[in-house]
Amino acid sequence: MGGWVDTVQYWSDGSQTVIDSFQDMGARDSALAMFRAAGLGESFVNSLMSSIDNVYNTNLMPTEGQILSAIYNSQAYKERFKANEMIRARMANGKGRPGDRLLTPKEYIDLEESYKTVMQDAGMPTGFYDQQEDFTNMIAGGVSVAELKSRVDTAFEALNFADENVKKALKDNYGLTTSEMVAYLLDPTRATPLLMGKQGVNEFGLNDRVGLQKTYRAADLSGTQRRLGQGDSKALSEEIVNLGMEGQAKQAFGQAAQQADDVRRLGALYGDNSLGFESVVRESLGLQGGTEAGRKRKKLASKERAAFSGQSALDRTSLRRRKDA
């Protein structure tokens, strides 16, 4: 027992003598070699030892089939190849899907490695769909390597259609890479924790799913400012998102961009550099400081009308009269 084979000599008086003893664990060694070859590593192989020893303790000369049966029914094996158990239970309940089948250890490991390669090639953040638990869910769900790659490619394609100014705002203002945004498009719930800490934990830090969504919306507004050639005020974008005014903001941006140069010239004439694109936006949307900016703009415009006999500094002809404009 326990793998030991004894050769015993029996004497006529009923006594016996063990004349040879050796341990035959050939079936065990063969099974373990198979699992090592499948790429499962020593730690998993060692976790199977108790199941194998139990077979040898209850069988004189167990076969490789008996050893494998004990392994396949062990808790260690069921946990490592959990997707197989989920598929098995599904089929047993009459809920099998087309293509459902139990994978051999090597097929299972190869599929996990293929999943991992797809994610690594796409530059996904570490910890995003590269863990055993992730692979379990994908295998149990029947997700092929081709389907996973298609999902990743689709997310990249969707982001590629995004405005370059928006992507640059995401990178410059929040430190987000293209791959990190692709991860978010694939699975916001899983991606968000991985993006935590890229900014401080604040209203627009990446501390939760809502925060990340706000970050993208703010970057979208910043991208619009860049596209209109008006720089990028991260604070202005975040303030607008926080107030839920994105719908009105883009129209206000467009109108402000048309007035910005003339308003800046007006301010420059009277030594006030606070007037410009942002001040017009704040006035238009009624944001903090907007009322004061509007009052100041109107006051300077009134002063110009008086100085130029009713012609405002916003009139390009009058501005040309001033050499410092």
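The values are calculated or read from the model by the stated rules, or taken from the named source; none is laboratory data. Quick caveat: nothing in here was measured; it's all calculated off a predicted structure. Every residue, glycine as well, gets a Cβ built from its backbone with ideal geometry; the counts of neighbours run over all protein chains shown. These area figures cover heavy atoms from the full protein model, side chains too; ligands, DNA and RNA do not enter into them. Shrake-Rupley method; radii C 1.70, N 1.55, O 1.52, S 1.80 Å.
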| message | Step by step: first the residues of the range 129-156, then only those that are among the polar types (S, T, N, Q) and outside any loop (DSSP other than H, G, I, E, B), then the one that is nearest to residue 84 (Cα to Cα). Which residue is that? | response | 136
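Per-residue answers, yes or no, for (1) in a helix (DSSP H, G or I); (2) under 26 Å from residue 132 (Cα atoms); (3) of a type in the set (Gly, Ala, Ser); (4) out of contact with any helix residue (DSSP H, G or I) (no Cβ under 6 Å at 6 or more places or on another chain):
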| position | (1), (2), (3), (4) |
| --- | --- |
| 7 | no, no, no, yes |
| 12 | no, no, yes, yes |
| 34 | yes, yes, no, yes |
| 43 | yes, yes, yes, yes |
| 52 | yes, yes, no, no |
| 79 | yes, yes, no, yes |
| 97 | no, yes, no, yes |
| Tally time: how many residues in the range 249-278 are farther than 22 Å from residue 220 by Cβ, surrounded by 14 or more Cβ atoms within 10 Å (Cβ to Cβ), out of contact with any Asp or Glu (no Cβ under 8 Å at 6 or more places or on another chain) and small (Gly, Ala, Ser)? | 1
| Pick from the range 91-107 the residues that are in contact (Cβ under 8 Å) with a residue 40 or more places away in the chain and open to solvent by less than 60 Å² (accessible area, probe 1.4 Å): which of them is farthest from residue 155 (Cα to Cα)? | 105
| query | Taking the range 52-85 as the search range and keeping residues that are of a type in the set (D, E, K, R), touching a residue at least 12 places away in the same chain (Cβ under 8 Å) and under 19 Å from residue 101 (Cα atoms), which one is surrounded by the most Cβ atoms within 10 Å (Cβ to Cβ)? | reply | 80
| What pairs come up if the first residue lies in the range 183-195 and is closer than 13 Å to residue 127 by Cα and touching a residue at least 12 places away in the same chain (Cβ under 8 Å), the second is open to solvent by 80 Å² or more (accessible area, probe 1.4 Å) and of a type in the set (Val, Ile, Thr), and their beta carbons are under 9 Å apart, counting only those six or more places apart or on different chains? | 194/126
